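The values are calculated or read from the model by the stated rules, or taken from the named source; none is laboratory data. Bear in mind that the values here come from a model prediction, so they are computed numbers and not experimental data. Note that each Cβ is placed from the backbone with ideal geometry, even for glycine, and that neighbours are counted across all protein chains shown. These area figures cover heavy atoms from the full protein model, side chains too; ligands, DNA and RNA do not enter into them. Shrake-Rupley method; radii C 1.70, N 1.55, O 1.52, S 1.80 Å.
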Amino acid sequence: MCLSIPGKLVEITSELDEVFRVGKVSFDGIIKEVSLTLVPEATVGDYVLVHVGAAISTIDEVEAKKTFELLKQLDELHELEEGEGSKE
């Protein structure tokens with residue numbers, strides 16, 4: 001199953017122009033660097049849906065938190081614990 005995981009954009013780390021950007025997204029304290037190319041409207045503090053290392057849309061904070069908690073309950077957050085990323 002392909003999932004998009006909601007997280008909070010905490011920092012823009014690289015910006016070639018207004019379209020080609022990379023940022024750090026927090027998933028309940030686990031930080032991952034993701035492409036922001038598909039969400040040029042996203043700003044620090046926004047919640048985004050991330051799929052395969054790319055933010056694909058912005059999402060309401062309440063909906064993001066509900067979705068993240070549901071994914072946690074379903075034990076569907078394995079990808080966050082694997083590979084790169086840091087825990088804050």
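Would you please name the residue that is modelled with the highest pLDDT, looking only at residues in the stretch 45-80 that are part of a loop (DSSP other than H, G, I, E, B) and surrounded by 11 or more Cβ atoms within 10 Å (Cβ to Cβ)?
ASP46
Between a first residue in the stretch 69-88 that is under 19 Å from GLU33 (Cβ atoms) and a second residue that is at pLDDT below 85 and surrounded by 10 or more Cβ atoms within 10 Å (Cβ to Cβ), which pairs have beta carbons less than 6 Å apart while being 6 or more apart in sequence or on different chains?
LEU77/LEU71
Go through the stretch 29-44 and report how many residues are in contact with a Gly (Cβ under 8 Å, 6 or more places away or on another chain) and open to solvent by 50 Å² or more (accessible area, probe 1.4 Å).
Selection size over the stretch 29-44: 2.
Which pairs have Cβ atoms under 6 Å, sit 6 or more apart or on different chains, and link a residue in the stretch 38-49 that is closer than 20 Å to LEU16 by Cβ to one that is outside any loop (DSSP other than H, G, I, E, B) and polar (S, T, N, Q)?
From the stretch 38-49, the pairs are VAL39/THR58; ALA42/THR58; ASP46/THR58; VAL48/THR58.
Residues in the stretch 9-28 that are under 25 Å from HIS78 (Cα atoms), part of a strand (DSSP E or B) and open to solvent by 40 Å² or more (accessible area, probe 1.4 Å): how many?
6
Given the criteria open to solvent by 30 Å² or more (accessible area, probe 1.4 Å), in a loop (DSSP other than H, G, I, E, B) and within 24 Å of ASP75 (Cβ to Cβ), does LEU3 qualify?
yes
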